[in-house]
1. Can you go through ARG114, ARG33, ARG65 and tell me which one is within 30 Å of TYR339 (Cβ to Cβ), touching a strand residue (DSSP E or B) at 6+ places or on another chain (Cβ under 9 Å) and of a type in the set (Lys, Arg)?
2. Among the residues of segment 13-37, what is the count of those that are under 30 Å from GLY151 (Cα atoms) and open to solvent by less than 80 Å² (accessible area, probe 1.4 Å)?
3. Could you list all residues from segment 326-355 that are within 11 Å of the ligand (Cβ to nearest atom) and surrounded by fewer than 19 Cβ atoms within 10 Å (Cβ to Cβ)?
4. Can you tell me which residue among THR408, THR403 is away from the ligand (no atom under 13 Å from the Cβ), buried (at least 18 other Cβ atoms within 10 Å of the Cβ) and closer than 30 Å to VAL440 by Cα?
5. Just to verify a result, which residue in segment 482-516, among those that are in a helix (DSSP H, G or I) and open to solvent by 70 Å² or more (accessible area, probe 1.4 Å), is farthest from GLU578 (Cα to Cα)?
6. Give the residues of segment 31-51 that are closer than 30 Å to LEU511 by Cβ, without any contact (Cβ under 8 Å) to a residue 60 or more places away in the chain and not aromatic (Phe, Trp, Tyr), sorted by residue number.
7. Can you tell me which residue in segment 262-273 is nearest to the chain's Cα centre (by Cα), limited to those that are part of a loop (DSSP other than H, G, I, E, B) and surrounded by fewer than 20 Cβ atoms within 10 Å (Cβ to Cβ)?
8. Can you tell which of LYS454, LYS444 is out of contact with any Lys or Arg (no Cβ under 9 Å at 6 or more places or on another chain) and in a helix (DSSP H, G or I)?
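The values are calculated or read from the model by the stated rules, or taken from the named source; none is laboratory data. Quick caveat: nothing in here was measured; it's all calculated off a predicted structure. Heads up, the Cβs are rebuilt from the backbone with ideal geometry, glycines too, and the neighbour counts pull from every protein chain shown. Surface accessibility is based on the protein's heavy atoms, side chains included, excluding ligands, DNA and RNA. Shrake-Rupley method; radii C 1.70, N 1.55, O 1.52, S 1.80 Å.
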Amino acid sequence: MKKILELLTEEMGQAFEAAGYDGKLGRVTLSNRPDLCEFQCNGAMAGAKAYKKAPLAIASEVAERLADSPVFTTAEAAAPGFLNLKVSGEYLLHYLEEMEARPKFGLEMPEKPREIIIDYGGANVAKPLHVGHLRPAVIGESVKRICRYAGHHVTGDVHLGDWGLQMGLVITELKERQPDLVYFDESYEGEYPREAPFTISDLEEIYPAASAKSKEDADYKARAMEATSQMQNGLRGYRALWRQIMDVSLPDLKKNYDSLNVEFDLWKGESDVHGLIPDMVQYMKEEGYAHISEGALVVDVKEEGDTKEIPPCMILKSNGASLYNTTDLATILERMNLYHPDQIIYVTDKRQELYFEQVFRCARKTKLVKPETKLTFLGNGTVNGKDGKPFKTREGGVMRLETLVRETREEMYRKILESREKGREISDEEAEKIADIVAVSALKYGDLSNQAAKDYAFDMEKFTSFEGDTGPYILYTITRIKSILAKYREQGGNLAQVVLGAPQDEAEKALMLQLVQFHATMESACEEIAPHKVCSFVYDLANAFNHFYHGTSILKEENESRRSALIALLVLTRDVLEACIDVLGFGAPERM
Ligand code: ARG
């Protein structure tokens, strides 16, 4: 269905035409002065020059034409030429009835859905996820859900870092510790053991140890690099170890992402495109895109009009080794072949912006993508501590993602128990379950309510608060609605039979006016790849609901049809809120 502003604009356009002016002047927007009106139109001022007339005179003529409008109850001309507008309660009611009746509340689906791949998460195998992985996971997941909700065909790919130096480091360290393992016996031709010679906790210790050694010991590092390239070139024992590192590491990564409701359609990685690199490089050479510069193979990507220096995109190092760029380009090639995407969106730390600019330019120049394929970089800002520096543990170390999630759960659990002490009957077990659900909202909302590109400070106290612009506040509002609806049912009410009604007071109308903004919100969150827009919408909606709730007796309302209308409004509000938090990537408990 059409967005409310589109419909109001049509009505206004007709009034301009009826008064003898260009209908295009009738653009209606949300009011800048909510104390005076709900919507406004500035067309009279825009038209004043062309019609050589005072804007106020035009506005008055248009307002006259709206005297019996079924849409506007108020259309007032105000100096210097505004049209201040209020819509009729009946009109709002009809709009809400349509929303209620249609799938996705009547959100219009695209005529041609786009095929979109979202590359997000950015996990590296054998290395634990840390706080820096929070944003690419949380934002990417939400962008995926928003675009899907908006009607596009979306595939999420974690694009594992599984082919780099960390693998060589783990192999080197293992060899150091257990040189007798069969993987290191080059004359061995039999099958390798099915069990890995390490567990996930071993890996968690081995990788940091190896990484630390490589920073101090140049010879060790050289051996790790050599091991990496041997593994890449197919040395049997090393490939077998690679497989086992994957097998041990992946379930752990999945568990971490699960704890945040982050789910990928594809668990592909850098290793998947290894085999495509030789032909791709050959093609780039043959077509004359790539040339040798200081021993390395590069593609120039600077363009006319660049205001800053864009270095060439390196395809192969002077020793013939491929790089991060090379795998990203080969991945684009593979994605174009397998999924034919119209758009690929990358959600990663914004410090990779220049890197992606080089990769995108290179992909265009070498025609790995079609001219119309959109390549989009959504760079995320950093999670900082309260001191404004990147978030660390209390001891000053790297904060593991797992720890951050656990601490948030613990804090949420504490808060839930605290509110239980104020007289609610919730068992410890239920409190724990609820805490887990609410903790996800605290983390994700705390993150998503900030624009992706901005840094923010992680503030446990604020994020887990039941008050203010937080996930728990939104969930609290939803559970409040659910508990009223449950009581209504207990009293014999049937939710399937409730019927919406026209608003009876300002607070109720304000809630309705908020609900009708749903379509514009989803549309722009998708087009602008901006989950924070959904956050600010749910926050406004929750506030509008709570304001209405505090001033209205719902279950005690004696007039039956009025009570039915109030309950129907609650149902719609709950459903819209839940659809929104679902695209943000979290859910609500039944109670809290
Ligand atoms: N694994 C990478 C890192 O840790 C992020 C991957 C981002 N995606 C990509 N296609 N390059 O920096």
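1. Details: ARG33 fails: within 30 Å of TYR339 (Cβ to Cβ); ARG65 fails: within 30 Å of TYR339 (Cβ to Cβ).
Within the list ARG114, ARG33, ARG65, the selection yields ARG114.
2. Number satisfying all stated conditions: 5.
3. Selection gives ASP349, ARG351, GLN352, TYR355.
4. Answer to the check: THR408.
5. GLU506
6. Selection gives SER31, ASN32, ARG33, PRO34, ASP35, LEU36, CYS37, GLN40, CYS41, ASN42, GLY43.
7. Among those that are part of a loop (DSSP other than H, G, I, E, B) and surrounded by fewer than 20 Cβ atoms within 10 Å (Cβ to Cβ), it is GLU263.
8. Numbers: LYS454 fails: in a helix (DSSP H, G or I).
Just a single option satisfies the conditions, and that option is LYS444.
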